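**Q** My questions all concern the structure below.
The values are calculated or read from the model by the stated rules, or taken from the named source; none is laboratory data. Predicted, not measured: the structure shown is a model, and the values here were computed from it. Counting neighbours? That spans all protein chains shown, and the Cβs are built from the backbone with ideal geometry, glycine included. Note: accessible area is taken over every heavy atom of the protein model, side chains too, but ligands, DNA and RNA are not part of it. Shrake-Rupley method; radii C 1.70, N 1.55, O 1.52, S 1.80 Å.
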Amino acid sequence: MRKLILPLLFFFLFVLESLFIQFLPAGLYDSKKILVPHFLIASILFLTIFGSEKNGIIYGLIFGLLFDVVNVEIIGIYLLLYPLVVYVVAKIMKILQANIFIASIVSLLGVSLVEIGAFEMYTIIHITSMDFMTFLKMRLVPTLLLNAGFIIIAVYPLKRLFEKYASLRME
Amino acid sequence: MPQFFLNKRLIVLLVSIIILVALIGFSLRERSQPSWPEQFVKDTAGWAQSLVSKPAQYVVGFFENLQDLQNTYQENKQLKTRVVKLAQLEAKVQQLQKDNKDLRGVLGEKKTLSDLKPLPATVIGRNPDRWNEIIIIDKGKINGIKQNMAVMTATGLIGKVKSVNQFSSTVQLLSAMDPKNRISAYVQGAANAYGLVEGYDSDKKLLLVKRIPYDTKLKKGQTVITSGLGGVFPSGLLIGKIVDVKPDQYGLNQTAYVKPGANFYDIQNVIVIQRLMTQADVSSLNNGKEEDL
């Protein structure tokens with residue numbers, strides 16, 4: 001049962017992202033700002049920071065693929081971005097110490113990397129024609145605010161969970 | 001040994017980039033249907049999503065009902081005045097329908113482009129990264145859904161079926177930027193006013209109906225509907241109302257900015273429209289290069 005906790009948690013977050021977009025109050029949603037929930041990758045980044053890097057990359061690959069197949073219908077975008085960001089964050093965390101404050105900032109950085117990476121990839125394959133400044137104002141800043149909210153709420157429980165999980169694996 | 005590890009890492013990187021590009025190319029090409037592993041994953045995820053999404057819809061629906069109760073008195077007043085007009089309109093429509101049927105009988109033309117069969121469906125998910133505007137609905141191939149069918153809400157057209165799995169399908173909204181997403185449209189009350197819905201202005205939240213002949217007189221507030229001439233959608237589905245008209249780049253055509261009748265943001269229940277008139281074989285029309293709906 002313990003082994004199933006992490007996959008179930010991440011799958012729940014995966015569904016939550018889609019539900020969040022579906023039921024966001026229309027007034028908030030219809031305005032010029034676009035809010036994108038990145039709860040899944042933020043949590044995977046916490047797993048990388050407080051748990052193990054290897055697990056983080058594996059979950060990044062699996063859920064990146066799932067996200068691509070189910071939501072995007074173009075395989076390869078989040079399949080690349082999730083593990084790549086996990087890897088970058090793991091490298092950054094080698095120099096920094098893993099306390100709650102730094103972990104939150106680093107995982108917010110990871111979220112912005114995912115968002116910018118997705119924007120660049122969609123620009124290359126002509127899904128979007130937005131220019132970078134519009135992207136910054138319309139998408140990146142509101143998205144980061146939203147995910148900062150999620151990170152502040154979730155960082156402590158997730159830290160407890162992942163540290164417990166890591167210590168269980170040690171035994 | 002570090003030299004060797006460096007090379008190994010480089011090779012892994014290169015190979016994964018090649019696989020990645022191949023995968024993206026594979027999924028971007030014209031596909032009539034997703035491959036079976038994709039269908040399996042989508043159906044499984046769709047089933048799990050609907051487990052969470054349907055109860056959530058009840059909860060949200062409950063709160064929306066509470067909100068509705070607050071304005072009941074005002075709305076009731078307004079609606080009463082409209083009901084009176086509606087009764088007149090209904091009588092008129094029935095008469096016209098009967099006339100239409102009789103005249104068609106005289107002509108010997110029984111089928112029309114506007115014949116359709118609605119299939120109701122519930123939205124179980126939506127793409128959270130809002131680049132591709134995609135929603136997932138809970139009806140699939142076993143319910144008779146096919147690719148390229150029109151999808152509506154009660155207030156207007158919202159998109160077309162992009163791909164079909166066994167038990168779920170994905171719908172691409174009109175607001176998605178996809179050059180292949182072209183729908184033949186017609187402006188009601190103007191002569192010769194055929195155009196194509198091509199693109200979406202995400203800043204102004206307006207649809208662009210392009211290629212309307214330059215000499216057509218268009219007014220604000222005119223209604224735009226599907227024409228059915230693309231060969232896939234039935235005719236007469238509401239798209240929206242004209243807000244603004246501009247001549248195109250070379251002055252040969254006009255572009256109408258249309259406020260969509262449907263709200264693309266608050267979608268919970270949709271109707272998938274099956275056209276009953278024989279569909280044109282898209283590939284034979286244009287050698288499979290593009291598709292106009």
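**Q** Can you give me the distance in nm between label points at B:Leu13 and B:Leu96, each placed 7 Å from the Cα along the Cα-to-Cβ direction?
**A** Going from the B:Leu13 label point to the B:Leu96 one covers 6.7 nm.
**Q** Give the lysines whose C-alpha is closer than 17 Å to that of B:Lys98, dropping any in the same chain fewer than 8 places away, or say none.
**A** B:Lys110, B:Lys111
**Q** OK, next. Rounded, prolate or oblate: which one fits region B:1-138, using the alpha carbon gyration tensor with axes a ≥ b ≥ c (rounded when a/c is under 1.5, else prolate when a/b beats b/c, else oblate)?
**A** Numbers: a/c = 3.96, a/b = 1.89, b/c = 2.09.
Here region B:1-138 falls in the oblate category.
**Q** Largest first, what is the accessible-area ranking of B:Trp47, B:Trp131 with a 1.4 Å probe? Please list the in-between numbers first.
**A** Numbers: B:Trp47 165, B:Trp131 20 Å².
Greatest to least solvent exposure: B:Trp47, B:Trp131.
**Q** Can you list which of the GluC sites (Glu not before Pro) found in region B:47-143 are DSSP loop residues with at most 15 other C-beta atoms within 10 Å?
**A** Taking region B:47-143 and a limit of 15 other Cβ atoms within 10 Å, the loop GluC sites (Glu not before Pro) found are B:Glu109.
**Q** Here's something else I'd like to know. Carbon and sulfur atoms: what percent of the 1.4 Å accessible area of region A:1-147 do they account for?
**A** On the way: 4630 of 6040 Å².
Here it works out to 77 percent.
**Q** Please report the relative contact order for chain B, taking Cα pairs under 8 Å with a sequence separation of at least 6, and give it as a percent rounded to a whole number. Could the numbers behind the result be given before it?
**A** Values: 515 pairs, mean separation 51.8, N = 293.
RCO, chain B: 18 percent.
**Q** Would you mind classifying region B:50-107 by shape? Square roots of the alpha carbon gyration tensor eigenvalues, ordered a ≥ b ≥ c; an a/c under 1.5 is rounded, otherwise it is prolate if a/b is larger than b/c and oblate if not. Numbers along the way, then the final one.
**A** Details: a/c = 10.14, a/b = 1.75, b/c = 5.80.
Taking the square roots of the gyration eigenvalues as a ≥ b ≥ c, region B:50-107 is oblate.
**Q** Now, a different point. How do A:His126, A:His38 rank by accessible surface area computed with a 1.4 Å probe, from largest to smallest? Display every interim value, and only then the final one.
**A** Numbers: A:His126 135, A:His38 5 Å².
Descending accessible area places them as A:His126, A:His38.
**Q** Need one word for the protein assembly as shown: rounded, prolate or oblate. Basis is the Cα gyration tensor (sqrt eigenvalues a ≥ b ≥ c); a/c below 1.5 gives rounded, then a/b vs b/c decides.
**A** Values: a/c = 2.12, a/b = 1.78, b/c = 1.19.
Judged from the Cα gyration tensor, the protein assembly as shown comes out prolate (a/c at least 1.5, a/b above b/c).
**Q** What accessible area, summed over both chains, is buried at the A-B interface (1.4 Å probe, Å², nearest 100)? Mind dumping the intermediate values first?
**A** On the way: alone 9720 and 19250 Å², together 25030 Å².
Buried: approximately 3900 Å² between B and A.
**Q** When Lys and Arg each count +1 and Asp and Glu each count -1, what net charge do the other residues less than 10 Å away from B:Thr122, Cβ to Cβ, add up to?
**A** On the way: positive: B:Lys54, B:Lys139; negative: B:Asp138.
Every neighbour counted, the sum reads +1.
**Q** Further, regarding this structure: How much accessible area does B:Thr81 have with a 1.4 Å probe, in Å² rounded to the nearest 10?
**A** Near enough 90 Å² of accessible area.
**Q** Shifting gears a bit: Which of the lysines could be linked to B:Lys246 by a straight reach, that is with a Cα gap under 26 Å, when you skip same-chain ones fewer than 8 residues away?
**A** B:Lys246 reaches A:Lys32, B:Lys180, B:Lys204, B:Lys205, B:Lys210, B:Lys217, B:Lys219, B:Lys220, B:Lys259.
**Q** At 1.4 Å probe size, with every protein chain present, just tell me what the per residue accessible area of region B:1-73 comes to in Å². Display every interim value, and only then the final one.
**A** Numbers: 5640 Å² over 73 residues.
Per residue, region B:1-73 has an accessible area of 77 Å².
**Q** Using a simple charge model, +1 on the beta-carbon of Lys and Arg, -1 on the beta-carbon of Asp and Glu, nothing else, what dipole does the protein assembly as shown show about its Cα centre, in debye to the nearest 20?
**A** 380
**Q** Another question about this same structure. In region B:114-276, what percent of the accessible surface is made up of carbon and sulfur (1.4 Å probe, ligands and nucleic acids excluded)? Intermediate results must be reported in sequence, preceding the final value.
**A** Numbers: 3400 of 6350 Å².
Its accessible area is 54 percent carbon and sulfur atoms.
**Q** Quick one: which residues, 5 or more positions from B:Ile239 or on another chain, have an amide H under 5 Å from its amide H? H modelled 1.01 Å from N in the peptide plane, none for Pro or chain starts.
**A** B:Leu157, B:Val224, B:Ile225, B:Thr226
**Q** Let me ask you something else. How high is the FRET efficiency between A:Arg2 and A:Asn99 when r is their beta carbon distance and R₀ equals 30 Å, given to the nearest 0.05?
**A** Values: r = 26 Å, r/R0 = 0.86.
After rounding to 0.05, the efficiency reads 0.70.
**Q** Okay, moving on. Would you check the accessible area of B:Arg130, probe 1.4 Å, heavy atoms only, in square angstrom rounded to 10?
**A** The accessible area of B:Arg130 comes to roughly 10 Å².
**Q** Moving to a separate point now. Full-extension gain between B:Asp203 and B:Gln70, please, as 0.36 nm times their residue separation minus the C-alpha to C-alpha distance.
**A** In short, 44.6 nm is gained.
**Q** A follow-up question, please. About the Cα centre, and with charges only on the beta carbon of Lys, Arg (+1) and Asp, Glu (-1), how big is the dipole of region B:90-173? Nearest 20 debye, please. Don't skip to the answer; put the middle values down first.
**A** Working: 14 positive and 8 negative charges, 41 e Å.
Dipole magnitude for region B:90-173 comes out near 200 debye.
**Q** A:Lys3: which lysines have alpha carbons under 30 Å from its alpha carbon, excluding same-chain residues fewer than 8 sequence positions away?
**A** Leaving aside lysines fewer than 8 places away in the same chain, those within reach of A:Lys3 are A:Lys54, A:Lys91, A:Lys94, A:Lys159, A:Lys164, B:Lys42, B:Lys54.
**Q** Report the Stokes-Einstein translational diffusion coefficient (µm² s⁻¹, integer) for chain B, Rh taken as the Kirkwood radius over Cα pairs, at 25 °C with viscosity 0.890 mPa s. The partial results should precede the final answer.
**A** Working: Rh = 22.0 Å.
Diffusion coefficient, whole number: 111 µm²/s.
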